[in-house]
Amino acid sequence: MFCCVRKSHCFIFTNTMNVTTLYVSEWVMHAGVKVRVYCPLGQANKGKYALSMAVKALDLFAEYFSMPYPLPKLDMVAVPEFAAGAMENYGLIIYRENDLLYDDLQSTAARKQRMTIVVMHEVAHHWFGNLVTMEWWTHLWLNEGFATWISYMATDGLFPEWKIWTQFLQQTTGGLRVDSLEGSHPIEVEVHQARSVNEIFDAISYKKGSAVIRMLQGYLGDDILQKALSSYMEKYAWKNAKTEDLWSVLSAESGIQVNKMMDSWTKQKGYPVISVKSQDHFLEFEQSQFLSSGLHGEGKWIVPITLFLGSYNRRKNFLLESKFEKVDLSELFSSSDGYSGSFNEANEEKCSELVWVKVNVEQSGFYRVKYEDKLAAQLRKAVEKNCLLATDKFG
């Protein structure tokens with residue numbers, strides 16, 4: 001694939017506050033798309049990393065959504081004192097300077113990771129938000145929740161050594177903290193006037209929104225979700241869509257009533273704590289609303305439960321659709337792979353004697369888990385023997 005890089009001439013930019021900045025640009029012609037990054041004079045080299053990430057993002061999302069980037073150019077501009085972190089205008093993304101400029105010698109590793117996620121987020125909006133646009137502000141989370149989730153997925157694909165899904169838990173826990181308050185609100189809030197939308201540009205739309213998509217990904221699997229999102233893009237390209245439209249496509253692709261399950265997460269506030277007890281080969285599950293105040297909540301959810309039994313090879317997924325449910329694990333006990341199956345073969349022998357249960361695999365679900373004392377003690381031993389991934393240790 002042919003690529004070329006050139007540096008353009010300087011130009012003058014004056015914003016609405018009459019602050020004049022002299023800019024220089026770096027640009028790449030990639031697959032017929034001119035990708036440019038505009039930086040303040042003397043800082044052109046600091047735009048090269050963001051430029052390279054934008055080019056990779058275009059390839060990644062075009063493949064993931066089976067839909068090429070539809071415009072002839074993509075510009076990214078570093079603006080001083082920009083109120084938002086970044087803004088995904090179609091073909092012209094505006095960034096705060098510290099979210100676009102990167103110095104190989106002086107910028108921190110944290111800055112590099114932050115910039116990668118931000119660039120992926122804003123470029124992803126050219127599919128989720130611009131190519132397919134929410135029907136109305138009530139569905140804001142279709143833009144922000146999805147762009148947040150897929151920015152981490154894209155970053156993980158480019159830099160698996162960063163283990164970025166572990167850091168994604170900051171999004172999940174931020175959403176859990178806010179959504180445990182009595183004054184929280186549903187992901188989908190009826191917006192009657194556009195000027196009211198600022199009230200829902202918050203942790204619920206971004207953090208909880210992205211976390212429930214991560215939960216759906218963990219339950220349905222990567223392949224089904226990717227195929228469904230490609231179908232969604234093809235069906236609604238250059239159109240408006242609402243949450244129910246996405247659930248309809250996901251239901252058709254997965255054979256699961258996704259709309260029924262996910263409505264309980266997007267149309268009501270809060271989330272459950274799942275209490276788990278063991279009895280022979282059975283696990284007993286009970287859900288109740290978690291409130292940080294300790295008060296009793298009336299919420300009830302259709303919860304996509306994922307769990308491991310003593311091994312990352314022994315997994316079970318099911319939907320907790322009622323307040324109480326008893327689940328038979330006999331099929332997992334009778335598996336022929338033994339109790340090893342830890343993520344690290346070196347740990348196989350010392351983990352094989354343990355019979356532990358970890359609910360909420362890799363903390364992909366937007367709920368808390370409360371284990372009875374016996375299960376908690378077994379899980380603690382698994383943590384001490386390093387049988388769990390970092391995300392599950394955190395959980």
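Per residue, what accessible area does the chain have, given a 1.4 Å probe and all protein chains present, in Å²?
46 Å²
In the structure displayed, which of K163/K260; K34/K207; K46/K393; K208/K358; K112/K242 lie more than 26 Å apart, Cα to Cα?
The pairs that break the limit, which is 26 Å between Cα atoms, are K163/K260; K34/K207; K46/K393; K112/K242.
What spacing in nm lies between the two simple spin-label points modelled at F318 and M87, each 7 Å away from Cα in the Cβ direction?
With each label point 7 Å from Cα toward Cβ, the separation is 5.1 nm.
Nearest 500 deg cm²/dmol is fine: what mean residue ellipticity at 222 nm does the chain get from its DSSP H runs of n ≥ 4 alone, each adding -39,500 (n - 2.57), divided by its residue count?
It comes out at -11000 deg cm²/dmol, rounded to the nearest 500.
Given an 8 Å cut-off on Cα distances and at least 6 residues of separation, report the relative contact order of the chain as a percent.
Once divided by the residue count of the chain, the mean separation gives 11 percent.
Once you've got the GNM for the chain with C-alpha springs shorter than 10 Å, pick whichever of L295, L229, L220 has the biggest mean-square fluctuation.
Taking springs between Cα atoms under 10 Å, the residue moving most is L295.
Over region 75-208, one equal point on each Cα, no solvent: what is log10 I(q)/I(0) by the Debye formula at q = 0.11, 0.17, 0.20 Å⁻¹?
Debye intensities relative to I(0), on a log10 scale: -0.43, -1.02, -1.33.
Antiparallel DSSP bridges in the chain: what percent, to the nearest 5?
70 percent
Separation between the S278 and A62 pseudo-spin-labels, each 7 Å from Cα along Cα→Cβ, expressed in nm?
Label-label distance for S278 and A62, simple model: 5.2 nm.
Compute the distance from the alpha-carbon center of region 250-275 to that of region 294-314, in whole Å.
Their Cα centres are 13 Å away from one another.
Under 10 Å, Cα contacts only: if you run a Gaussian network model on the chain, which one of E325, E97, E161 comes out with the highest mean-square fluctuation?
E161
Rounded to the nearest Å, what's the spacing between the alpha carbon centres of region 140-181 and region 99-117? Just the number, please.
Rounded to whole Å, the Cα centres lie 18 Å apart.
So what's the net charge close to W127: Lys and Arg +1, Asp and Glu -1, counting the other residues with Cβ under 12 Å from its Cβ?
-4
Calculate what fraction, in whole %, of the accessible area of the chain sits on carbon and sulfur atoms when a 1.4 Å probe is rolled over the protein chains.
Exposed carbon and sulfur together represent 50 percent of the surface.
Give the angle, between 0 and 90 degrees and rounded to the nearest 10, that separates the Cα long axis of helix 164-179 from the longest principal axis of the Cα atoms of the chain.
80 degrees
Measure nothing but the geometry: give the 0 to 90° angle between the long axis through the Cα atoms of 373-384 and the longest principal axis through the Cα atoms of the chain, rounded to 10°.
50 degrees
All other residues with a Cβ under 15 Å from the Cβ of M261 taken together, and with Lys, Arg as +1 and Asp, Glu as -1, what is their net charge?
Here the count lands on -2.
Suppose the chain between L41 and S107 were pulled fully straight at 0.36 nm per residue; how much longer would it get relative to their current alpha carbon spacing?
Length gained, L41 through S107: 21.9 nm.
Given the chain, report the % of alpha carbon pairs whose separation exceeds 37 Å.
Of all Cα-Cα pairs in the chain, 29 percent lie more than 37 Å apart.
Would you please calculate the Kirkwood hydrodynamic radius of region 196-316 over all C-alpha pairs and express it in Å, rounded to one decimal?
Taking the inverse mean of 1/r over all distinct Cα pairs, region 196-316 comes out at 16.7 Å.
Just to be sure I understand: with springs between alpha-carbon atoms less than 10 Å apart, which residue in L320, L142, L41 has the highest mean-square fluctuation in the Gaussian network model of the chain?
The residue that fluctuates most here is L41.
Just by accessible area at a 1.4 angstrom probe, what is the order of H30, H185 from largest to smallest?
Putting H30, H185 in descending order of accessible area: H185, H30.
Taking all protein chains together and a probe of 1.4 Å, list R177, R36 from the most accessible to the least accessible.
R177, R36
The values are calculated or read from the model by the stated rules, or taken from the named source; none is laboratory data. Model, not experiment: these values are computed from the prediction. Heads up, the Cβs are rebuilt from the backbone with ideal geometry, glycines too, and the neighbour counts pull from every protein chain shown. These accessible areas exclude ligands, DNA and RNA; they are computed on the full protein's heavy atoms, side chains included. Shrake-Rupley method; radii C 1.70, N 1.55, O 1.52, S 1.80 Å.
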